[in-house]
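The values are calculated or read from the model by the stated rules, or taken from the named source; none is laboratory data. On a predicted model such as this, the values are computed, not experimentally measured, just so you know. These accessible areas exclude ligands, DNA and RNA; they are computed on the full protein's heavy atoms, side chains included. Shrake-Rupley method; radii C 1.70, N 1.55, O 1.52, S 1.80 Å.
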Amino acid sequence: MLTWRDVLLNYPDILTGYALLIIYLFAVMDEHAVRRKLRHLPSLLAATVFATVFALIYDRLSIPGSYIVGSAVNLLICTVWAMRVWRISFWRAISAVCMAGILQVATVGLPNITDLPLPSDIADSSAVLYVMYVITVLFSAAAAFLLYKLRFGEAFLLLAEDEGSQVRTAFIMLALLVTMEAFFRLQRGILPEYHTAYVGLLIALITLIVAFVVYLARQFDAGRQLKVWQDVVARQRVYEQDLEEIRKEVRSFRHDYKNLLAGLSEQADAGEIEGIRATLMELDAGFDRRLGEKIMLSTQIGNLRILPVRSFLLSRVAAMREKGVACRLEVLYPLETIKMDVWDFIRCLGILTDNAAEAAGQTIRPWVEIVLLAEKERVYLRVSNSWDGKADPARFFEEGWSDKGEGRGLGLPGYQRILRDYPHAVSSAEWEEGVFVQELTIAGKEGKPA
């Protein structure tokens, strides 16, 4: 019969396993606000009690595969917890938990801590178990801190951002976790003289897995940049076509302008003042309709001397207009350099403009205004949009929040993560009276800090 004594004896082991996984999960999620996330720990502590009781009952029933079932239950519990804490989708959560689980299993797969030289009064007592727990947790904290400093979490989150491959990434992480679990189970059959070789293989395996994840992230980033460059070329052709259309329109307008002047001359001779006024108004309206908007956009785009940024904004303006969102682009002075990695800047532009277009699309008169101002070594970006005032703007910055539903948002929190690498970049937001405004000022040294 199961007693509370059985639970208390087994609880420290399960609690330590959960602690290791959470430590690595913070590193995998590249979490900076650790204290704020720790407020969710009570719910996980309750889950550890459930996991302990479940494992004991299942083990007492002597059902085959109890270890597999117990591991699956723990994985599901941590996945649900991660979904709640970071407000992310199921597939992103299970990918992160599996990656943290790989690191956790590798940690507990190290040689038995009892092989270490310990004082006799400790080695011969039950305290050795608790010493093992403490040392394992401290080792995990040090390893997680190293991964955090090496920006492993950034690479993992970059890989998880691709919505088209989230399921595939989750299954890859799950397969790697199963491989690590199987390797860990082999430890029981290894003779003491082969422990050193086992540790070497374990370190090699975990190093290869971490390198594999970083490699996949870099491949994804390279593929995304290639796609952007292809879009750059396509949009540049569209831009050139627009210039050619303006040239043709100017020639056509010149012909019509001569005819209008001839008509004005006849009306002037006849003293038709009202007719002259109506003709001039028609001339002005015709110019705005046929040439004004195209020339204005061409002038603003021409001030963007950074080709990827120019093509990106062209695509965004075109996409918004197709969706019925009025978009105004203003580039007051030539913009030739940005003291920031150009791809990171484009990612920031994409997040701000996408969020602006989405929010504006829910209003009666949707509009978005993008202003870029280059002044000496400083670049100022302002993205404003119409806003219905229903959603709480403070929630825009929460991980995973989206007005499309929980777990869909990757925007503003991802935008803030990018800016962490640029202390010389300052962002701000304000909202009032149906207008939401995002501002970004970039100055200082160029590129990411070392």
How big is segment 311-352 along each principal axis, measuring the range of its Cα positions in Å and listing the largest first? 34, 22, 15
Accessible area of V178 in the full protein assembly, 1.4 Å probe (Å², nearest 10): 90 Å²
Using a 1.4 Å probe, how large is the accessible area of V80, given in Å² and rounded to the nearest 10? 80 Å²
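From the Cα gyration tensor of segment 337-380, with a ≥ b ≥ c the square roots of its eigenvalues, which class applies: rounded if a/c is under 1.5, or else prolate if a/b is larger than b/c, or else oblate?
Taking the square roots of the gyration eigenvalues as a ≥ b ≥ c, segment 337-380 is oblate.
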Please state the shape class of segment 136-189: rounded when a/c is under 1.5, otherwise prolate if a/b exceeds b/c and oblate if not, all from the C-alpha gyration tensor. oblate
